[in-house]
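Working notes, beginning with the structure itself.
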Amino acid sequence: MKVAEIRDKFLEFFEDRDHRVVESSSLLDEDPSVLFTTAGMQQFKPYYLEQESPYGSRVTSCQKCLRTSDIEQVGDLDHLTFMEMLGNFSFGYPEAEGSYFKEKAIKWSYEFLVEECGLEPDKIWLTYYEGSEDIPTDEKTPELGQELGIPEQRISGFGEDNFWGPTGEEGPCGPTAELHYDLTGEPCGPDCKPNDECGRFVEVWNLVFNQYYQDRQGNFEPLQQKGIDTGMGLERLAFVIQQGESIFQTDLFRPIVGEIEKLAKNDYQERPAPFRIIADHIRASVFLAEEGVTPSNKEEGYILRRLLRRAIRFKKLLGIEQENFLPRLAKKTIELYQNSYQFSDQPDILTVIQKEEEKFEQALDRGLDKLNEMLEDGEQARLSGEQAFDLYQSYGLPLALVKKLGKERGFEVDSEGFQQQFEQHKRISRAGAEKKFSGVGTEKIEDEKAEKEAEKLHTATHLLHQALRNALGDHVVQKGSDVTPRRLRFDFSSKPLKEEEIEQVEDLVNEKIERDLEVSSEQMDYEEAVKQGALHLPDHDYPSRVTVYSIGDFSQELCRGPHVEHTGVLGKFKITKEQSSAAGVRRIKAVLE
């Protein structure tokens, strides 16, 4: 079953059940707190509150969505920026005529997957919300699952993983039921289940039971009228039905990947990530350009520019020299979608993409000339981090390309120095963003103050990393981190944490804060740092000399800094969310109070 047939079959299924088929809304959402439409329910948000739906109480759609929060993770098996979200919705339950809630939502989703899509019933697993201090356990969902024939051993309760919303800073939200599909049948352990992120399961359908309204302070109030909001990624469903190795081998992506392979010096199987990134980014760029977005340094235009330039950088890494490479892929993308969406200004879309490619290619050429000058003028066979970052910032030359070309000339590149420059640039940019989005001005943050707060959270990240290893085991490996002046985010390899484990980690970090441990740094050879047991990223390319930050006798980690001088200034550490980030990867968000 091809993607176009899946899309049509879904809409027809719910139209036959008295749902009004509503066209996708724009990718550019009217909510000022978000840049893009990220979920199918966004255009229907008012109808979960007191506004009457002009479409009736039952609606279905295939919504264009764009999510950029995990853009750096695109390249794995299933992360995307642009996606189509299949959804069915109900408003005003129980008063509105025809409205429905959990029973019909769960029954119809199971029926569609088994009877319409041909998925095997004994491979379908169901998860539900197991409750929290504020919101009770969903006891109805497991009952309904068993009535459909899903045995108790394939039904599991979870916390944050089974609660969704709101979109933006406030709005409707609620517990979820999720339908997962068993891809391999191979358990990762005796208690293997969905959300373990071991690669066995893929989440197919998310059913949100909108029962609450969350305000900007995070408080929940019950909605007067309940609603149903479901979302199922079309690309992910196609991946399951077509049984390919990834989303990028479905019939939506194969033609684009094939065009890239014709020109690349590598083939897809040898080095899949660049192919996936380019294919994803050109799809997203085409749909943004179709909405009238043009590349710029602000908001939506910045995202389009970032997507196109990332695609061009990976084009270079694949050794592709073809001119008008991206317009060629854009044209192929439009061909794939022309029967599903109207592209009224196809020449304009191609022109926007072509001009940005030409402009950035010229910048890259100037950057390559500048790099050659640096290599020729260098008294030592080494490029400093500042030089490498200038090539990136001024000309767009990615570090990987600078290192590759430098290596060919016998030059070493200071990767750590580059990252220091890069992090400093991000902190300054975020400080400016904090000032822009701080509301009416009462919370404006000066750059210096924001920098200090980021230092505190950076130090807290080191404490969190070591605390996770102490609490869960040495198998915990950092997969990524991000620090803003308001919060930290830390990705790591693990199964979902139990509530008591989260409390244990939180308590351990706060204990080290209360001890007011000294934070010190030392320069040493990379091999010596690893020998001493300093935590580091296994796949990261470190320079020969590194900086090791130690927090008392508790933590030792390779890092570029900056950090506070002692932990007592941090305040109270609080984990605000623990959730899935990718297959086998968990994400913690935390703040200092």
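A quick yes/no check of all residues on (1) of a type outside the set (D, E, K, R); (2) at pLDDT 90 or above; (3) surrounded by fewer than 16 Cβ atoms within 10 Å (Cβ to Cβ):
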{"position": "R20", "(1), (2), (3)": "no, yes, no"}
{"position": "K45", "(1), (2), (3)": "no, no, no"}
{"position": "M83", "(1), (2), (3)": "yes, yes, no"}
{"position": "F89", "(1), (2), (3)": "yes, yes, no"}
{"position": "E97", "(1), (2), (3)": "no, yes, yes"}
{"position": "W108", "(1), (2), (3)": "yes, yes, no"}
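Of the residues E578, E593, the single one that is of a type in the set (D, E), open to solvent by less than 60 Å² (accessible area, probe 1.4 Å) and modelled with pLDDT of 85 or more is E578. For the range 25-39, the set of residues classified as without any contact (Cβ under 8 Å) to a residue 60 or more places away in the chain and either assigned to a helix (DSSP H, G or I) or open to solvent by less than 50 Å² (accessible area, probe 1.4 Å) (or both) consists of S25, D29, T37, listed by residue number. Residues that are touching a Gly at 6+ places or on another chain (Cβ under 8 Å) and among the acidic types (D, E) were ranked within the range 110-146; the one that is surrounded by the most Cβ atoms within 10 Å (Cβ to Cβ) is D138. On the stretch given as the range 210-249, residues that are among the hydroxyl-bearing types (S, T, Y) and within 19 Å of the chain's Cα centre (by Cα) total 1. Among the residues of the range 253-270, the ones that are open to solvent by 10 Å² or more (accessible area, probe 1.4 Å) and in contact (Cβ under 8 Å) with a residue 40 or more places away in the chain come to 6 in all.
Residues checked against (1) more than 26 Å from H458 (Cβ to Cβ); (2) modelled with pLDDT under 80:
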site: L371; (1), (2): yes, no
site: E379; (1), (2): yes, yes
site: K403; (1), (2): no, no
site: E416; (1), (2): no, no
site: E434; (1), (2): no, yes
site: G439; (1), (2): no, yes
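Within the range 1-18, residues that are among the aliphatic types (A, V, I, L, M) and open to solvent by less than 10 Å² (accessible area, probe 1.4 Å) sit with their Cβ atoms under 7 Å from residues that are in a helix (DSSP H, G or I) and at pLDDT 95 or above, at 6+ positions apart or across chains, in these pairs: V3/L234; V3/A238; I6/L234; I6/L237; I6/A238; I6/I241.
Step by step: first the residues of the range 95-125, then only those that are aromatic (F, W, Y) and not in a helix (DSSP H, G or I), then the one that is nearest to E147 (Cα to Cα). Which residue is that? Break it down stepwise before answering.
Here is the first cut: in the range 95-125, the ones aromatic (F, W, Y) are 100-101, 108, 110, 112, 125.
Checking the rest, the ones that are also not in a helix (DSSP H, G or I) come to 100-101, 125.
Details: Y100: 18, F101: 16, W125: 14 Å.
Among residues in the range 95-125 that are aromatic (F, W, Y) and not in a helix (DSSP H, G or I), the one nearest to E147 (Cα to Cα) is W125.
The values are calculated or read from the model by the stated rules, or taken from the named source; none is laboratory data. As the structure is a prediction and not an experimental result, all values here were calculated from the model. Every residue, glycine as well, gets a Cβ built from its backbone with ideal geometry; the counts of neighbours run over all protein chains shown. Each accessible area value is taken on the protein alone, full model and side chains, heavy atoms only, with ligands, DNA and RNA left out. Shrake-Rupley method; radii C 1.70, N 1.55, O 1.52, S 1.80 Å.
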